[in-house]
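A.B. asks: Sharing a structure, written as structure tokens. Questions coming.
The values are calculated or read from the model by the stated rules, or taken from the named source; none is laboratory data. These figures come from a predicted structure and were not determined experimentally. Ideal geometry is used to build each Cβ from the backbone, glycine not excepted, and the neighbour counts take in all protein chains shown. Quick note on the areas: whole protein, heavy atoms, side chains included, nothing else; ligands and nucleic acids left out. Shrake-Rupley method; radii C 1.70, N 1.55, O 1.52, S 1.80 Å.
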Amino acid sequence: MSHHDDSIQTTTLQANRALVDDCRTLGVVNSPIDLAGRALAIIGLADWFTTVETPLGLVYIAWNASGLSLAQRTESREAFRAFARAVLGRSVTAGALPEALARGTRAWLAGDNRAQLAFDLTQLTAFERATLMKTREIPHGEVRPYGWIAREIGHPRAVRAVGTALARNPIPLFIPCHRVVRTDGMLGKYSMGGPANKRTILSAEGVDVERLEWLTSKGVRFVGNAADDSYCYPTCYAAREISAERLVMFHDEAIALARGYHPCNSCRPPAAQLAS
Amino acid sequence: MRPKSAVAPSRSLVSISTDPQTPAGEIALAAALACNLESGFEALACAWQNRLYAFELRITGSHTDAEELTQETLVRAWRALSAFEPERRRTLRIRPWLFQIAVNLARNNARGARRSGVLSLDALDDPERLDSDGRGEAAATRIADEDPAVEPEASLERRQRLETLAALLLTIPHAHRLALTLRHIEGMSYPDIAVTVGLPIGTVKSHVSRGAAELRRALDRDRTREAYREETESVR
């Protein structure tokens, strides 16, 4: 083999090696951000998340095929991811809210009590689920005490357990635990940013928080309507229409019942167990 | 709401510290799949997303297709794994198995593209024809201007070289491109490629070498054309 042939062969070898190196480089690629996360969400091993504008500012929400799974205000996407992993035990990946959920959340935040929203509460106990779904029946602009929930779900003595279940609400705002207040009418705790936020969101929903607190300070738990002899929780929409001269205030249901008043059908204040 | 570690299932992310492309990494990943399918699969998806995406990108030349096909590969892998007994998952050779799914999807995708009349490079198996009717240029522009394998600070020359290579790879016949990509881009062994593409090793070797020759010819033509262009421009 001549010297000339040798050099040609070396050049070819070098060219081949360069080609092989370049091929290897073409295999080193970063896939689009969250590609695996999106696949996991499609499979159901991860949830999706996005943000929605609410009276409390931007709130992160997560969802999966069953419905909303988590809502929280956090400082960053990363903080929300970490929070979701701790609470749900799954990762979350950024996505666009499906049309049905987008419509539902919009309507709900706009105050539509009948807004259709699905939830994923599979990680909760039956009691926790019953508690949370009952809060969905409290209309926009109204509040109920813990005892009301306990009575309505058939566990009238489990007031404390109701409080615990509400404190664990994974989807505050959309499951409106902020509409549940202490039996004495004080606002009580709030899982999404403390009592100040509870006041903000209730005010935004049209609750006259100052009037409620004034009534509470006077020990008033129910208001009666002298026109039809019914008594209500103070925030019941029926109670708001009572004219000043027909408004009667009650410290407890026993007095109302004794005076011949009957419980409002809409807000369903306590009555049965004391009447018997 | 406080995290409730006692109630929520603690499905923490299994970290596979070893490279999943090494035999030890593959064994660790298979063991993770056998022991906890959900966390194991999460580790698998994270470990393989880049390689699968690179493979589909080199085969299809389209970022969108590569993204969709990678996603679909993972979804199908999950469905299959869910039906496997733990013992089968433990002994699974993950890489050839995973790329088998990826290859099938890439083949279907190529067929679909041909049928729907989209510009298909696979239909143009004859590289000479590609040049004569000028569609070689279309192939070259099919790669998006930013190739993810080219680091942004790379020299212009290196950038152009890799982009050209990626574009020319798309001009060689599909079967050869598959074999060549698995061998030289993905770095798989011949026995693994044979399992992946479902062909005898001899056929695979022939596909790889024919693919390499075609790629080299395409590169030479490209260089000749480039030189010709430079020359005519300097004359002008």
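A.B. asks: For residues that are part of a helix (DSSP H, G or I) and surrounded by fewer than 22 Cβ atoms within 10 Å (Cβ to Cβ), tally how many sit in the stretch B:90-104.
C.D. replies: Looking only at the stretch B:90-104, we keep the residues that are part of a helix (DSSP H, G or I), and these are B:90, B:94-104.
If we keep only those that are surrounded by fewer than 22 Cβ atoms within 10 Å (Cβ to Cβ) too, we end up with B:90, B:94, B:96-97, B:100-101, B:104.
Qualifying residue count for the region: 7.
A.B. asks: Search the stretch B:85-98 for residues that are within 21 Å of residue B:194 (Cα to Cα) and free of Cβ contacts under 8 Å to residues at least 60 places away in the same chain and pair each with any residue that is open to solvent by less than 30 Å² (accessible area, probe 1.4 Å) and among the aromatic types (Phe, Trp, Tyr) when their beta-carbon atoms are under 9 Å apart and the residues are at least 6 apart or on different chains.
C.D. replies: Pairs found: B:98/B:48.
A.B. asks: Among the residues of the stretch A:163-177, count how many are facing chain B (nearest Cβ under 10 Å) and not in a helix (DSSP H, G or I).
C.D. replies: Residues meeting the conditions: 5.
A.B. asks: Oh, and also: Quickly run through the stretch A:45-85 and pick out the residues that are open to solvent by less than 10 Å² (accessible area, probe 1.4 Å) and within 14 Å of chain B (Cβ to nearest Cβ).
C.D. replies: Scanning the stretch A:45-85 gives A:45, A:46, A:47, A:59, A:61, A:62, A:68, A:69, A:70, A:71, A:80, A:84.
A.B. asks: Tally up the residues in the stretch A:137-158 that are assigned to a helix (DSSP H, G or I) and either open to solvent by 50 Å² or more (accessible area, probe 1.4 Å) or within 17 Å of residue A:126 (Cβ to Cβ) (or both), please. Even if it seems obvious, please write down each step before you answer.
C.D. replies: To start, the set of residues in the stretch A:137-158 that are assigned to a helix (DSSP H, G or I) comprises A:146-152.
Now restrict to residues that are either open to solvent by 50 Å² or more (accessible area, probe 1.4 Å) or within 17 Å of residue A:126 (Cβ to Cβ) (or both): A:149-152.
Going through the stretch A:137-158 one residue at a time, the tally reaches 4.
A.B. asks: Checking residue B:43 against (1) surrounded by fewer than 23 Cβ atoms within 10 Å (Cβ to Cβ); (2) under 14 Å from residue A:38 (Cβ atoms), which test does it fail?
C.D. replies: (2)
A.B. asks: Quick check: anything in the stretch A:180-194 at pLDDT below 95, among the polar types (S, T, N, Q) and in contact with a Pro (Cβ under 8 Å, 6 or more places away or on another chain)?
C.D. replies: The answer is yes; a qualifying residue exists.
A.B. asks: What about residue A:88, is it closer than 27 Å to residue B:73 by Cα, at the interface with chain B (Cβ under 10 Å from one of its Cβ atoms) and under 17 Å from the mean Cα position of the chain (by Cα)? I'd like the intermediate steps shown before the answer.
C.D. replies: Numbers: closer than 27 Å to residue B:73 by Cα: yes; at the interface with chain B (Cβ under 10 Å from one of its Cβ atoms): yes; under 17 Å from the mean Cα position of the chain (by Cα): yes.
Here the answer is yes, as residue A:88 does meet what is asked.
A.B. asks: Could I ask something else about it? Residue by residue through the stretch A:185-221, note down the ones that are farther than 30 Å from residue A:75 by Cβ and open to solvent by 70 Å² or more (accessible area, probe 1.4 Å). Before the answer, list the steps.
C.D. replies: Keep residues of the stretch A:185-221 that are farther than 30 Å from residue A:75 by Cβ, which gives A:185, A:208, A:210-221.
Answer for the stretch A:185-221, where residues must be farther than 30 Å from residue A:75 by Cβ and open to solvent by 70 Å² or more (accessible area, probe 1.4 Å): A:208, A:210, A:211, A:214, A:217, A:218, A:221.
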